[in-house]
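Written below as structure tokens is the structure these notes are about.
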Amino acid sequence: MTERVVLAYSGGLDTSVAIGWIAEETGAEVIAVAVDVGQGGEDLDVIRERALACGAVEAEVADAKDEFADEYCLPAIKANALYMDRYPLVSALSRPTIVKHLVTAAHKHGAGVVAHGCTGKGNDQVRFEAGIQALGPDLKCIAPVRDYAMTRDKAIAFCEEKGLPIATTRKSPYSIDQNVFGRAVETGFLEDIWNAPTEDVYEYTRDPSLPREPDEVVITFEQGVPVAVDGRPVSVLQAVQQLNERAGAQGIGRIDMVEDRLVGIKSREVYEAPGALALITAHQELENVTVERELARYKRQVEQRWGELVYDGLWFSPLKRALDGFIDEANQHVSGDIRMTLHGGRAVVTGRRSDESLYDFNLATYDSGDTFDQSRAQGFIDIFALSSKIAAKRDSA
């Protein structure tokens, strides 16, 4: 029986060429799998037909936008997940979504190998292969660009030689990955970290310095889930899409950073994530109102570790799964409304209200009606500071 390989297929030059390249290198039949996580671009049916025209024996396409939003973006919102305190895991979240469909297709079609288009120096090769090993430990992984030296020049030559139905001349100066949660841009002149990004780098956001009217928005959450925007019910996908449009129009969500890649190198990345950052900002503020102090302090530690696990490609790991349970529990009372002003590249919280609020006006006020018993404060301070006071006496002796 002929070996079969399932290929993560985007419809672009590299993965189109990879269909025939893998067949020549391995003698295997190739099944192309394309997954729509809100990256935009060509219609899925067009992509499917191209895969078949390039030599795939079968091609599957999956509209996974809602799945991606509900099962991958939402946990990141609940976790306030920002790798290195800035990056909302745009690409890292989409990889396990795609992996799930690749492994399902491999088992469905009797394939023993899964292929992807990653290089040998990025994070995505780890995310794909660690995920595939977790969901399909019986499967092997190959990467034509990494394993068979399929450079772009070779890909173009192969494409022209075989007469494949895909344009080979136009090449963006950047490497771009995008989905509904955001957009990642690297390479080209951005590799010189002294060079400032130019406006042509951006697509999801407008120039924040241009004058425009502020946009006020109210986001409603139930147990950490965004369920309404300005009082109108939304799915998680719709919440992200609407905030992408509205926050993006105000220039919100631009990130220019040098980040620590899993493989040990530092890389300059430019991200756009207007909807993601607006929703995380709102969610964080609602947690400030509704989550008890000690739980909130500990959750911040969990959030950092959760983000590192996801960034490192360990979405399906036991630790990440266990932390999900903690994060869901911590979100049980995160319900209410957050009002924000979107303007000038910033999402600024201006109002909070919640039936689950732990904010007690009568305890917080300094005016008449104050119910906080200030006479007890001195004794509390004496006991709280006692260990430090004893140590200070010893150390000054």
Taking only region 218-238 into account, find how many residues are touching a Lys or Arg at 6+ places or on another chain (Cβ under 7 Å), within 22 Å of Lys65 (Cβ to Cβ) and either open to solvent by less than 10 Å² (accessible area, probe 1.4 Å) or in a strand (DSSP E or B) (or both).
-> 1
Count, please, the residues in region 245-264 that happen to be modelled with pLDDT of 95 or more and at positive phi.
-> 2
Quick count over region 14-43, residues being in a loop (DSSP other than H, G, I, E, B), within 25 Å of Glu67 (Cβ to Cβ) and in contact (Cβ under 8 Å) with a residue 40 or more places away in the chain, is 4
The residue from Thr187, Thr198, Thr205 that alone is exposed (fewer than 15 other Cβ atoms within 10 Å of the Cβ), of a type outside the set (D, E, K, R) and under 20 Å from the mean Cα position of the chain (by Cα) is Thr187
Considering only residues of region 44-71 that are assigned to a helix (DSSP H, G or I) and touching a residue at least 40 places away in the same chain (Cβ under 8 Å), which is farthest from Leu309 (Cα to Cα)?
-> Ala53
Go through region 85-102 and give me each residue that's part of a helix (DSSP H, G or I), open to solvent by less than 10 Å² (accessible area, probe 1.4 Å) and either on the phi > 0 side of the Ramachandran plot or among the aliphatic types (A, V, I, L, M) (or both).
-> Val90, Ala92, Leu93, Val99, Leu102
Just to be sure, is Thr365 without any contact (Cβ under 8 Å) to a residue 40 or more places away in the chain and either basic (Lys, Arg) or touching a helix residue (DSSP H, G or I) at 6+ places or on another chain (Cβ under 6 Å) (or both)?
-> no
Kindly indicate the residue of region 119-153 that is assigned to a loop (DSSP other than H, G, I, E, B) and modelled with pLDDT under 90 and also surrounded by the fewest Cβ atoms within 10 Å (Cβ to Cβ) among those meeting that condition.
-> Ala149
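The values are calculated or read from the model by the stated rules, or taken from the named source; none is laboratory data. Values in this document were obtained by computation on a predicted structure and should not be read as measured data. Here the Cβ is made from the backbone with ideal geometry for all residues, glycine too, and neighbour counts use every protein chain on show. Calculation scope for accessible area: heavy atoms of the full protein, side chains included, ligands and nucleic acids excluded. Shrake-Rupley method; radii C 1.70, N 1.55, O 1.52, S 1.80 Å.
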